[in-house]
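Scroll down for the structure; my scribbles are underneath it.
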Amino acid sequence: MKFTIEKQVFLKGLGRVQGIVERKNTIPVLANVLIEAGDDRATLTATDLEVGMKAAYPAQVDSPGRITVSAKKLFEIIRELPEGEISFKAKENCWIEIRCGKALFNLVGLSPEEFPFFPSADQSQAIVLPSAELAAMIEKTAFAMSTDETKYNLNGLFFRATPGEADTSLALVATDGHRLTKISCPISPSDCPELAKGVIFPRKGIHELRKLAEEGEEDIRLSFRENSAVISKSSTTIIMRLVDGQFPDYDRVIPKANDLVAEIPAEPFFHALRRMSTLASEKSKGVRLAFKPDLLEISSSNPELGDAREDLEIAYQGPEMALGFNARYLTDILQVSTDEKILFRIKDNLSPGLITPTDGKNYLAVIMPMRL
């Protein structure tokens, strides 16, 4: 196998697979990227058996073939090479020769026969999703995914399609048990039993899907095979194994009786919380929100450091109410908000808070209160 390829093209492709390759080295070949040359393109494939990616890039192929090589080491080498064309050649005993300018590298590879099979995907019945919209939906929900490996059914993002009278609504939901985010958008009606039932995309796969959605304007195509989701865009395909578990009934968690409503300017609220959290407990990051007519009093206290308080003008006409919340949970929501103001809905000082945009549509976040 021999081909030449532009450095920046090759570097971009290798950069994209770095987040997928297996780091634990339980199976050596999973730390490698499979490189295949043919039909004027070089195809890079990486997998950790949970999430896999395959993408093709233009190249001048002198002789076709396939080889695997350490993804991390190859990326580090290509990154340091001078600008220009790179010559890539597979030699006997799985050795690889890389030339660029006056630089020459010889690397030890592994047989491509050891690399896991990457299934081809039939996307003829795929659901089409606008990239920009999907990227925005993931941004507004993914931060609430659990990182606790024991809660495996919360270690991902829940996708569910619900048919309506005019169109089908796709909802994305994430929760870690302390907070919950949900966003929805209309999609073209389609017969997809997996989405109708609801599926959990793994956390690692969601990060790769978000990067793919943010890259270029072409639509994302989504389909399913066996217990995996297949996502394609342009010349890139991602296959991820779905989380095998039952996602909680999130509708029961969303408060229905939070009739005390405060309209709060989002950016001043965000910065005030950041300031107050500097004195909050490192472990709990707890801040106290005291709602008063047309005023929100934000405060934090730490016996070892001191205390702080800041007042914020808001639109609120309910009774005085004080609640404790994790400041980071609130700032995570405000950081992805695109609205000038948010609605903070409360019931009492022991019930969850509900945050929505001022138009109340499509997006919501639920936060459990905490004792301070």
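The values are calculated or read from the model by the stated rules, or taken from the named source; none is laboratory data. This one's a predicted model, so the numbers in the text were calculated from it and none came from an experiment. Note: ideal-geometry Cβ built from the backbone for every residue, glycine included; neighbour counts use all protein chains shown. Only protein heavy atoms, including side chains, enter the accessible area calculation; ligands, DNA and RNA are left aside. Shrake-Rupley method; radii C 1.70, N 1.55, O 1.52, S 1.80 Å.
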Checklist outcome for this item: Plugging the Cβ-Cβ distance of Val261 and Ser284 into 1/(1 + (r/R0)^6) at R0 = 30 Å yields, to the nearest 0.05, a FRET efficiency of 0.70
Next on the checklist: Sort 279-289, 30-40, 57-67 by the packing proxy (mean of other Cβ within 10 Å over each peptide's residues), most packed first.
Outcome noted: 30-40, 279-289, 57-67
Checklist entry - Can you list the lysines whose alpha carbon sits under 27 Å from that of Lys89, skipping same-chain ones fewer than 8 residues off? => result Lys2, Lys7, Lys12, Lys54, Lys72, Lys73, Lys102
Checklist outcome for this item: Dividing the surface of the Cα convex hull of segment 7-64 by four yields a projected area in nm² of 4.1
Item to check | Enclosed volume per residue, in Å³, of the convex hull spanned by Cα atoms of segment 251-343 | outcome: 108
Checklist entry - When the chain is treated as a GNM, springs tying every alpha-carbon pair under 10 Å, which of Ser301, Ser120, Ser277 comes out with the largest mean-square fluctuation? => result Ser120
Checklist outcome for this item: Per residue, accessible area of the chain with a 1.4 Å probe, heavy atoms of protein chains only, in Å², comes to 50
Checklist entry - Along segment 327-339, what does the Karplus equation 6.51 cos²θ - 1.76 cosθ + 1.60 (θ = phi - 60°) give for ³J(HN,Hα), rounded to whole Hz, x for Gly and Pro? => result 4, 5, 4, 5, 5, 4, 5, 5, 5, 9, 6, 10, 9
Item to check | Area of Glu214 that stays accessible when all protein chains are in place (1.4 Å probe, Å², to 10) | outcome: 110
Item to check | P(r) of the chain over all Cα-Cα pairs, binned every 20 Å from zero, in whole percent | outcome: 26, 44, 26, 4
Checklist outcome for this item: Using alpha carbon centers only, segment 175-220 is separated from segment 241-317 by a whole-angstrom value of 27
Next on the checklist: Assuming 0.36 nm per residue, please report the length gained on full extension of the stretch Lys12 to Ser87 beyond their Cα-Cα distance.
Outcome noted: 25.4 nm
Next on the checklist: With every protein chain left in place and a probe of 1.4 Å, what is the accessible surface of Cys192, to the nearest 10 Å²?
Outcome noted: 20
Next on the checklist: Can you give me the % of accessible surface on the chain that is carbon or sulfur? Probe 1.4 Å, all protein chains present, nothing else counted.
Outcome noted: 48
Checklist outcome for this item: HN-Hα couplings for segment 265-274 via Karplus (6.51, -1.76, 1.60; θ = phi - 60°), in whole Hz with x for Gly/Pro, come out as x, 5, 5, x, 5, 4, 5, 5, 5, 4
Next on the checklist: Just to make sure I understand: if all protein chains stay in place, what is the order of Asp191, Asp148, Asp332 by accessible area at 1.4 Å, largest first?
Outcome noted: Asp191, Asp148, Asp332
Checklist outcome for this item: Dividing the mean separation of Cα pairs under 8 Å (6+ apart) by the residue count of the chain yields a relative contact order in percent of 12
Item to check | Most to least accessible of Leu372, Leu14 (protein chains only, probe 1.4 Å) | outcome: Leu372, Leu14
Next on the checklist: Can you compute the helix-only [θ] at 222 nm over the chain? Use -39500 (n - 2.57) per DSSP H run of at least 4 residues, normalise by all residues, nearest 500 deg cm²/dmol.
Outcome noted: -5500 deg cm²/dmol
Next on the checklist: With θ taken as phi - 60° and the coefficients 6.51, -1.76 and 1.60, list the Karplus ³J(HN,Hα) couplings across segment 184-194 in order, rounded to whole Hz; mark glycine and proline as x.
Outcome noted: 9, 8, x, 10, 5, x, 8, 8, 10, x, 5
